[in-house]
1. Which condition number does Glu86 fail, the rest of (1) under 26 Å from Leu110 (Cα atoms); (2) surrounded by 10 or more Cβ atoms within 10 Å (Cβ to Cβ) being met?
2. Taking interchain pairs and intrachain pairs at least six residues apart, which have beta carbon atoms under 8 angstrom, with the first residue in segment 123-149 and farther than 30 Å from Gly63 by Cα and charged (D, E, K, R) and the second surrounded by fewer than 10 Cβ atoms within 10 Å (Cβ to Cβ) and modelled with pLDDT under 80?
3. What single numbered condition from (1) at pLDDT below 70; (2) surrounded by 10 or more Cβ atoms within 10 Å (Cβ to Cβ); (3) not hydroxyl-bearing (Ser, Thr, Tyr) fails to hold for Phe111?
4. Return the residue satisfying two criteria in turn: it lies in segment 56-70 and is of a type in the set (Val, Ile, Thr) and under 8 Å from the mean Cα position of the chain (by Cα), and of such residues it is farthest from Ser40 (Cα to Cα).
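The values are calculated or read from the model by the stated rules, or taken from the named source; none is laboratory data. Bear in mind the structure is a predicted one, so any value in this text is a computation, not a measurement. Cβ placement follows ideal geometry from the backbone for every residue including glycine, while neighbour counts extend to all protein chains displayed.
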Amino acid sequence: MIDKIKNWMIESANIMFDDSKSDLRSLPKTVRLQILIVLSFIWSTVFSLYVFSLTTFIWGWAGVVMAHIGLIIAVYITFKFFHKAEKEKRSVFETGNYNPAKIFVVFFLLFFIFIFTKGVEVLTKTNSYSIKYDGPKKTTLERIQEFLD
C-alpha cells in the first residue's frame, strides 16, 4: 500500500518536474515555472475569496500565495536533489560539498515552518494582553490644547 502511494507521488512529481514526461516539455524551464506560479496565484485568489472576509483578504491571500510559491520551489528543489543523488550515489557528507544554496534551502524551510506555526498560534489566541486597556485618559483635543498652552 505504501509503495503504491510512493509510486503515485513520484509519478505526480514526474509529470510536473521531469523534462521527459511533462506535458509542457516543449517550453523552456523558466516558462514552465512561470506557468506554475501563475496557476498558484489564480488558485490562491479563488481560495482567498472563498475563505477570507473583505477586511482580511489581502493578508490571507498574501500568505496563501507565499505558501504556494514556497511549496513549488521546495518541491522542485527536493525533486532535483533526489534525482541528482540517485545518479551520483554519493553523500554530501562524504564529498564535503556544502553548497550555499543547500544551506539556504534548509534555513528557508525552517523559517517557513516557524512563520507558519506562529501564524497558527496568533489565529488561535483570542486575547494576548493581560493588562486591561480602557483607552487614553484625555481626548485628542485636550492633549493638543495642553501642548499649545
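1. (2)
2. If the second residue must be surrounded by fewer than 10 Cβ atoms within 10 Å (Cβ to Cβ) and modelled with pLDDT under 80, the pairs left are Arg143/Pro136.
3. With respect to (1) at pLDDT below 70; (2) surrounded by 10 or more Cβ atoms within 10 Å (Cβ to Cβ); (3) not hydroxyl-bearing (Ser, Thr, Tyr), Phe111 is out only on (1).
4. Val64
For every residue, the table says whether it meets (1) exposed (fewer than 12 other Cβ atoms within 10 Å of the Cβ); (2) of a type in the set (Phe, Trp, Tyr); (3) in contact (Cβ under 8 Å) with a residue 60 or more places away in the chain; (4) outside any helix (DSSP H, G or I).
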| position | (1), (2), (3), (4) |
| --- | --- |
| Trp8 | yes, yes, no, no |
| Glu11 | yes, no, no, no |
| Asp23 | yes, no, no, yes |
| Ser44 | no, no, no, no |
| Ser53 | yes, no, no, yes |
